[in-house]
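*Asks:* One structure, as structure tokens, below. Some questions next.
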Amino acid sequence: MAWPQLDNVDALVRNARHNARFASVRLPIVVIVSGFLWQLVTPTVAITWIVAMLIVERASTYARGKLIAGDTHFAALHLFTLCVMSALWACFGVVLWSSNTELGRIAALIGLLTTAIYGALGGQKDIRPAFILTVPALLALVVLVSWHAWTHWSPWQAIIGSLATFGAAICVFVCALALHRSDASLEGANRELEQLADKLSKNSALLEATSAMAQVGGWRLDLRTGNLDWTAQTRQIHDVDESFTPTLEAALGFYTPDSRSRIEKAFAEGAEKDGGWDLELQIRSARGVDKWVRANGRATIVDSAPIEVLGAIADISQRVRLEEGLRQAQKLEAIGRLAGGVAHDFNNVLTAIVNSADLLHSARNDDERRVTLVAIILKAAERATGLTRNLLAFSRQQVLTPKPTDLNTAITEAAELLAALIPSDICVVVECHNDEVLALLDPTQLCSALVNLAVNARDAMPRGGTLRLRATIRNEVDADFAVIIVADTGAGIDPAVATNIFDPFFTTKSGDGGTGLGLAMVHGFVTQSGGSISVDSAPGIGTTFALSFPLLAERQDIAASRSEEPAAPQPLAGARILLVDDDELVRDALAISLCDEGYSVVTAADGPQALQLYEDGTEFDLVVADVVLTAAMSGPLLAQMLLERNPSLKTVLVSGYTRDKLTETGRLPAGVSFLQKPFSMETLASHMAELKIGSPQGDFGF
């Protein structure tokens, strides 16, 4: 049959676990005391009692084992076996007492008292087993002693003996209750302690986890004993394991010489008074990795004397790298703006130089010296134009014509161009990807960037080597990238100058070895194209540049329908032109050039002057105006106001800035007729001729 379920089974399980420790002594006691029954009563009674006790003991052990294993259905059986066991011990006492021998009565007293005490000790976890084992034995003891006293002693002695026995029984029972209550209190205290220990363990694990995430470690130095303790994260920052025993000298040894002097000074000052420190220092870990750390600490002062120093150390290497990158980006941005402004002003000057030189070159003159000088001027102007183009590339203001470009084709064509630039002792290796590697780029500027990198690689390999051009695809979680790898086996880049290689005019080449704009131009082109550039170099091993661009999934060429283009228009001689530019040098040079081409030219220094000329009745067929004139009136605003007065008037806007830069800043409306300085007279004349033949105009009718 199924045993009924009991309440508070957990206490009974703990009690069974507690009593299991006494299992080894119960069987010898049963065997020994059965000898008294054999000698003092009869062998039959002894055998019967020991067999019954062994059966009950076995059943009790079985039920207790099941209960400890978690099967709570055996709780009632366990209590039942204890009841039977208690009854057998009471019978043992009564039978021995009835032997009418002094030894029998002593053995009965010992057996009953032992059972009662065993029940009191065994009932600490649960009062029910204590009650079952203690009460029957104590009742039998009181009854037997009182019966003997009243039958053998005087009434007064019988009363005293009975009361003494009853008091002793009560004391045993009270002791059982006291033990149970004290154990319950201890159990509650243990539970609270376990909860606190569990909470402490969780908090410690949380602290370790958050410290690892924040890369912050802690340490404590006992100034009395010199013992230094490190947390797990502090060990990780220093790249040491648990076998490493930290000492103050060993800890200071991780710092670089400059940082060590600073931390030693801060430590000495902080240990002498109730003060602390917070420093950003550099260490070299046990694995030789240079790291930036934030170290802080504070001394604990007791009775005006420091007894210990507590501190924390945080790995801030990533933050320092980001800050350095930000400073570098801000510096490049500032220099880029300056470069763009310089290029704009320089383009204005070049416009005057180029057009004046064109006039001298086209003029009839047999003086060879003059012809030579003009050729020198034109060549110098051409070189200066290239310099401004590099400046604009660095400042990300150059005009790009992006289209889907296969990087396999790009590196192949670049390698063909390099044949005349790279000596024969340098092996050029081209590694194309198996599939098309498409990116939206200006192929001309990409080729120029690759040539720049290749020339730098050539200069780094004066004794020959290998130059490798490779196109590949890099897959990342958020996006895929088309990548060009340019790697050489040259001298490499000194780490001391590695952070400056993209700075404009920075070069390690002596004499006229370079302008210092090559890598700046490459950086500007890659950034303007929406990509990124990285460099990996080590002295004596070589340098690898990686140019990464957003990957195009498929070609996006637009097959533009090309209608038959009209014949190239010719300039309309005698056309009336209003030339507006705030730079007198540019204005005069362009005016002379236009007059030499047969145009009638009127000049104005700003917008209001040009409007006044129009209001005075001066007629014009075309307006050529600089975009950036004055704060009061820009070139586009002048063109708009003239267009309102004469809708058929044509306008060409010119500037030393690029169209993209002017459009981005809102200075130039989209779709207008525009030329970037410097330009030749032939380019300007062709552009004006297209307007003269009545081609459709964009905004403002330009």
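The values are calculated or read from the model by the stated rules, or taken from the named source; none is laboratory data. Fair warning: this is a prediction, and the values are worked out from it, not measured in the lab. Note that we place each Cβ from the backbone using ideal geometry, even for glycine, and neighbour counts take in every protein chain shown. Ligands, DNA and RNA are excluded from the accessible area calculation, which covers all protein heavy atoms including side chains. Shrake-Rupley method; radii C 1.70, N 1.55, O 1.52, S 1.80 Å.
*Asks:* Residues in the stretch 198-226 near a label at E242, defined as backbone nitrogen under 18 Å from the 7 Å Cα→Cβ point?
*Replies:* Output list for this probe position: 201-202, 204-209, 212, 218.
*Asks:* Taking the simple approach of a point 7 Å from Cα along Cα-to-Cβ for both L206 and A632, what is their distance in nm?
*Replies:* Modelled inter-label distance: 7.0 nm.
*Asks:* Residues with amide H under 5 Å of V428's amide H, sequence separation 5 or more or different chain, H placed in the peptide plane at 1.01 Å from N; which?
*Replies:* Under 5 Å from the amide H of V428 lie the amide H atoms of L467, each far enough along the sequence or on another chain.
*Asks:* What's the ranking of 143-151, 433-441 by average number of surrounding C-beta atoms within 10 Å, highest first?
*Replies:* 433-441, 143-151
*Asks:* So how much slack lies between L27 and E413, counting 0.36 nm per residue of separation and subtracting their Cα-Cα distance, in nm?
*Replies:* Separation in residues times 0.36 nm, less the Cα-Cα distance, equals 129.1 nm.
*Asks:* Please give the peptides 179-190, 533-544 ranked by average Cβ packing (other Cβ atoms within 10 Å per residue), highest first, as a rough proxy for protection.
*Replies:* Put in order of decreasing packing, that is 533-544, 179-190.
*Asks:* Just order 415-424, 627-636, 442-451 by mean Cβ neighbour count inside 10 Å, highest at the front, would you?
*Replies:* Sorting 415-424, 627-636, 442-451 by mean packing, highest first, produces 442-451, 627-636, 415-424.
*Asks:* Sticking with this one: Please compute the per residue accessible area over the stretch 598-671 with all protein chains in place, 1.4 Å probe, rounded to a whole number of Å².
*Replies:* 43
*Asks:* Also, quick follow-up: From the phi angles alone, apply the Karplus equation (6.51, -1.76, 1.60; θ = phi - 60°) to the stretch 125-132 and give each ³J(HN,Hα) in whole Hz, x where the residue is Gly or Pro.
*Replies:* 7, 8, 6, 5, x, 4, 5, 5
*Asks:* While we're looking at this one, here's another question. Classify the stretch 244-312 from the C-alpha gyration tensor, please: rounded if a/c falls under 1.5, else prolate or oblate depending on whether a/b exceeds b/c.
*Replies:* It comes out prolate by the Cα gyration axes.
*Asks:* Turning to a different aspect of this structure: Take E264 and W150, extend 7 Å from each Cα along the Cα→Cβ direction, and tell me the distance between the two endpoints in nm.
*Replies:* Reported label-point gap for E264 and W150 is 9.7 nm.
*Asks:* Right, next: Please work out how much length the chain gains when fully extended from V535 to D435, using 0.36 nm per residue of separation minus the C-alpha to C-alpha distance, in nm with one decimal.
*Replies:* 33.5 nm
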